[in-house]
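Below is one structure, written out as structure tokens; comments come after it.
The values are calculated or read from the model by the stated rules, or taken from the named source; none is laboratory data. Model, not experiment: these values are computed from the prediction. Cβ placement follows ideal geometry from the backbone for every residue including glycine, while neighbour counts extend to all protein chains displayed. For the accessible areas, the whole protein counts, side chains as well, though only heavy atoms, and no ligand, DNA or RNA atoms are used. Shrake-Rupley method; radii C 1.70, N 1.55, O 1.52, S 1.80 Å.
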Amino acid sequence: MIIVHVVEPFAAGVAVFVKYLTETMPDDHHIIIHGERRQVMPEDKVKKTFSNPNVRFIKWRSAQRSVNLYKDFLALKELYNILKRLKNKGLLNSVHLHSSKSGLLGRIACKMLGIRNVFYTPNGAPFLSGKTFLSRYFYRQVEKFASRLGGKVVCCSPSELNAYQQLGINATCISNGIKLENKTKPDGIRKNEKFRIITTGRIIAQKNPVLFNSIATYFNEFDQFEFIWAGDGEDRQILTAKNILVTGWLHQNEIKRLVSDSNIYLSTALYEGLSFGVLEALTLNKPVLLSHCVGNIDVVKNGINGDLFKTQTEAIVKIIQYHNNRDMLNVMGDFSKSICETEFNVKNNFSIYRQLYANSVDILPVRKWAFA
């Protein structure tokens, strides 16, 4: 079977999502039509993370993040031509669209080409991202319009599924998962060093760096606390508190080391699909302190492996409680790992995607694995 993935934001969590999909289906072929977010990670570096020989790449040159009718028309035209060529060559059994821009343009192109076996994973509901009522209304209407074009919406967390159902869009859910490695348990919570609070990923509005900075600023005069943002992004200048270290983009192994050496993982996101950064923290036995939002609420068992917060004050109080009761963090970290093993194992969760692909219509015999 050949699955064609359409990915405009070919970086960060979406790239990890697609990578895990290809690794859990090693006996199938995957063609990735991708854009590029060079400011996050150049495409050549992203491609190097895909080690399996069952993956091929096609550059979607005109794809871009911002809304621009002319450029989006060019991107639609290019995507249409790529999908048409793959369909005519028998190199397309199912199409999986990742994130909102790919979801809209991909469903239009597939509708025009008569491709019915289409799936769309938002990885973060776009209609939750608007800064104003009008922008949120606009994104809701776009999602409703796109849903009428066909394709199955597959959300990556139960709370994201609920958001789509409340919008009146029929959807299903397959929770994100992460690779569980057989590692020894990290050393106990550090008692003679600074109390480290870490987050990872892009520094963008969706991650709410304003709130992260405000929380850190409260602890400016307390030398025993330090905050780390392992990542980079367009809103880096917001992180002005003197106790915040912004690392820039690091190799994944270095990010894991920083998380492993931290006391708690903090997310201030406004909304998520289901964050791979949070799931990574769970696998590393970290308690998680997460904003009460779509995606995050599916990960935390309050008081067991961490806590949810709705306000800056709630987050600050929890950090102080964690600092004053460090011994309990070991127990909470153990629960984090256990919850990840039972609920967010990528092998268990992502195997369901293959069942969806295999049960879709228009399954064609696999032709020669080539593009020419």
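Among Phe50, Phe10, which is the only one that is part of a loop (DSSP other than H, G, I, E, B), modelled with pLDDT under 85 and surrounded by 17 or more Cβ atoms within 10 Å (Cβ to Cβ)?
Step by step, each of Phe50, Phe10 is checked, and only Phe10 is part of a loop (DSSP other than H, G, I, E, B), modelled with pLDDT under 85 and surrounded by 17 or more Cβ atoms within 10 Å (Cβ to Cβ).
Would you pick out the residues in the range 23-62 that are touching a residue at least 40 places away in the same chain (Cβ under 8 Å) and more than 19 Å from the chain's Cα centre (by Cα)?
Listed by number, the residues that qualify are Met25, Asp28, His29, Ile31, Arg56, Ile58, Trp60.
When the range 1-18 is examined, which residues are found to be within 21 Å of Ala230 (Cα to Cα) and not aliphatic (A, V, I, L, M)?
Pro9, Phe10, Gly13, Phe17
Among the numbered criteria (1) farther than 28 Å from Ser135 by Cα; (2) under 17 Å from the mean Cα position of the chain (by Cα), which single criterion is violated by Asn93?
It fails just one condition, (2).
Being in contact with a Gly (Cβ under 8 Å, 6 or more places away or on another chain), over 30 Å from Tyr164 (Cβ atoms) and open to solvent by less than 10 Å² (accessible area, probe 1.4 Å) is the filter here; which residues of the range 249-276 pass it?
Ile264 - this is the single residue of the range 249-276 that is in contact with a Gly (Cβ under 8 Å, 6 or more places away or on another chain), over 30 Å from Tyr164 (Cβ atoms) and open to solvent by less than 10 Å² (accessible area, probe 1.4 Å).
Can you tell me which residues in the range 13-47 are open to solvent by 10 Å² or more (accessible area, probe 1.4 Å) and assigned to a strand (DSSP E or B)?
His29, Arg37, Met41
Of the conditions (1) more than 13 Å from Ile178 (Cα to Cα); (2) at pLDDT below 95; (3) open to solvent by 50 Å² or more (accessible area, probe 1.4 Å), Thr342 clears all except one; give me its number.
Evaluating Thr342 over (1) more than 13 Å from Ile178 (Cα to Cα); (2) at pLDDT below 95; (3) open to solvent by 50 Å² or more (accessible area, probe 1.4 Å) leaves (1) as the failure.
Which condition breaks for Glu143 when tested against (1) of a type in the set (D, E, K, R); (2) at pLDDT below 90; (3) surrounded by 15 or more Cβ atoms within 10 Å (Cβ to Cβ); (4) more than 16 Å from His5 (Cβ to Cβ)?
(2)
Out of the residues in the range 319-330 that are surrounded by 13 or more Cβ atoms within 10 Å (Cβ to Cβ) and in contact (Cβ under 8 Å) with a residue 40 or more places away in the chain, which is farthest from Phe212 (Cα to Cα)?
It comes out as Asn330.
Can you run down the residue pairs with Cβ atoms below 7 Å, 6 or more apart or on separate chains, where the first is in the range 303-318 and closer than 13 Å to Thr268 by Cα and the partner is in a loop (DSSP other than H, G, I, E, B) and of a type outside the set (Ser, Thr, Tyr)?
Sorted first by the residue in the range 303-318, then by its partner, the pairs are Asp307/Val300; Leu308/His292; Leu308/Val300; Phe309/His292; Lys310/His292.
Quick one: is Ile352 more than 22 Å from Gly231 (Cα to Cα), modelled with pLDDT of 95 or more and part of a helix (DSSP H, G or I)?
Answer is no for this residue.
Could you list all residues from the range 146-167 that are more than 23 Å from Ala109 (Cβ to Cβ) and either without any contact (Cβ under 8 Å) to a residue 12 or more places away in the chain or open to solvent by 60 Å² or more (accessible area, probe 1.4 Å) (or both)?
Matches in the range 146-167: Pro158, Asn162, Gln165, Gln166.
Restricting to the range 197-231, count the residues that are in a loop (DSSP other than H, G, I, E, B), within 21 Å of Gln252 (Cβ to Cβ), open to solvent by less than 40 Å² (accessible area, probe 1.4 Å) and in contact (Cβ under 8 Å) with a residue 40 or more places away in the chain.
Selection size over the range 197-231: 2.
Please count how many residues of the range 284-298 are in a helix (DSSP H, G or I) and open to solvent by less than 20 Å² (accessible area, probe 1.4 Å).
Final tally of qualifying residues: 1.
Working carefully through the options Gly333, Gly303, find the one that is surrounded by 21 or more Cβ atoms within 10 Å (Cβ to Cβ) and over 21 Å from Gly231 (Cβ atoms).
Gly333
One line per residue, one yes/no per condition, for (1) over 21 Å from Gln355 (Cα atoms); (2) polar (S, T, N, Q):
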site	(1), (2)
Glu78	yes, no
Gly90	no, no
His96	no, no
Ser102	yes, yes
Arg136	yes, no
Gly168	yes, no
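Mind counting the residues in the range 79-137 that are part of a helix (DSSP H, G or I), without any contact (Cβ under 8 Å) to a residue 12 or more places away in the chain and under 28 Å from Gln206 (Cβ atoms)?
Of the residues in that region, 5 qualify.
Of all residues in the range 18-47, how many are at pLDDT below 90 and closer than 22 Å to Ala75 by Cβ?
12
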